[in-house]
Amino acid sequence: MPKAHIRDGELTIPLSDEIRVKLGLKDGDELGAHVFPGSLVLRSASANARERAWERICAITDQMLPTP
């Protein structure tokens, strides 16, 4: 498990090639941080990830039918 380092307010987490491949991350990708009591969750925030998420939302809403 990689250890994170905080220096001057910046968080650095070294990721192995295996982890980057599993998460679909590449150099320059951004991560969004979500803070919950006792934990921190990082999620891809790249434009590509946002586009894929939007496509999933549209696919779900396209299947919804109005109630008569």
Check your understanding: Within the set of pairs 6+ apart or on separate chains, which have a first residue in the stretch 38-65 that is within 27 Å of LEU15 (Cα to Cα), a second that is at pLDDT 80 or above and of a type in the set (D, E, K, R), and C-beta atoms under 7 Å apart?
Key -> SER44/ASP29; ALA45/GLU30; SER46/ASP29; SER46/GLU30
Practice item. Considering (1) in a loop (DSSP other than H, G, I, E, B); (2) of a type in the set (A, V, I, L, M); (3) in contact with a Leu (Cβ under 6 Å, 6 or more places away or on another chain), say which one LEU42 fails and leave the rest. Key: (1)
Exercise for review: Look at the stretch 1-35 and say how many of its residues are within 22 Å of ARG50 (Cα to Cα), among the acidic types (Asp, Glu) and surrounded by fewer than 10 Cβ atoms within 10 Å (Cβ to Cβ).
Suggested key: 1
Check your understanding: Restricting attention to the stretch 45-68, and to residues there that are under 13 Å from the mean Cα position of the chain (by Cα) and of a type in the set (D, E, K, R), which single residue is modelled with the lowest pLDDT?
Key -> ARG50
Check your understanding: Just for the stretch 1-31: of the residues that are assigned to a helix (DSSP H, G or I), of a type outside the set (Val, Ile, Thr) and under 18 Å from VAL41 (Cα atoms), which one is nearest to the chain's Cα centre (by Cα)?
Key -> LEU23
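The values are calculated or read from the model by the stated rules, or taken from the named source; none is laboratory data. From a predicted model like this one, the values you see are computed outputs, not experimental measurements. No Cβ is skipped: glycine too gets one built from the backbone with ideal geometry, and neighbour counts run over all protein chains shown.
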